[in-house]
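One structure is given here, and the rest of the page talks about it.
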């Protein structure tokens, strides 16, 4: 039962807190992904309808939009709820943390491509990451940064538009 294993892992990511709104979002997200494993289309339809209702409810209650089409890695965490929009074209690696006010999406409506986020990425409150770009591994994105160009591994992105600063290696 991969669904329950994923939910159990998500709960551990949220330190066992069932009351965390980020965890609620992940429950609906996992359910949405799970329904695609049902091969019989007629059997899947009622689950798809239930997912759509739960997805909209979770959007209203938490202010978080995380479509089930978005691949997320292990230990994906939404630390603060509210005003989080993630495009269905985006993707996330392992150990990513998002905070309130984050948008990960399209740069313009004509180009249906969103950022590919690497592993160990920490995204500050209010950050906007837009367009067909790659965010490397071990990256910190500052609060309210607007990232519209690729960010290499082991870097920090701050400002509007974001300035890339390489982390010092020890």
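If you count, for each residue, the other Cβ atoms within 10 Å and average over each peptide, how do 78-87, 98-107, 49-58 line up from highest to lowest?
98-107, 78-87, 49-58
Would you please state the base-10 log of I(q)/I(0) at q = 0.18, 0.21, 0.24 1/Å for region 69-170, with intensities from the Debye formula using one equal scatterer on every alpha carbon?
Evaluating at q = 0.18, 0.21, 0.24 Å⁻¹ gives log10 I(q)/I(0) of -0.74, -1.03, -1.37.
At a threshold of 8 angstrom on Cα-Cα distance, excluding pairs fewer than six apart, so keeping six or more, what relative contact order does the chain reach in percent?
Computed value for the chain: 12 percent relative contact order.
Could you give the spread of the C-alpha atoms of the chain along their three principal axes, from largest to smallest, in whole angstroms?
Sorted largest first, the three principal extents are 51, 39, 27 Å.
Any idea how far the Cα center of region 88-145 sits from the one of region 1-40, in Å?
Using only Cα atoms, the two centres lie 21 Å from each other.
Computed from the coordinates by the stated procedures, all read-outs in this text should not be read as laboratory data. Source: prediction; values computed, not measured. Glycine also receives a Cβ, built like all others from the backbone with ideal geometry; neighbour counts cover every protein chain displayed.
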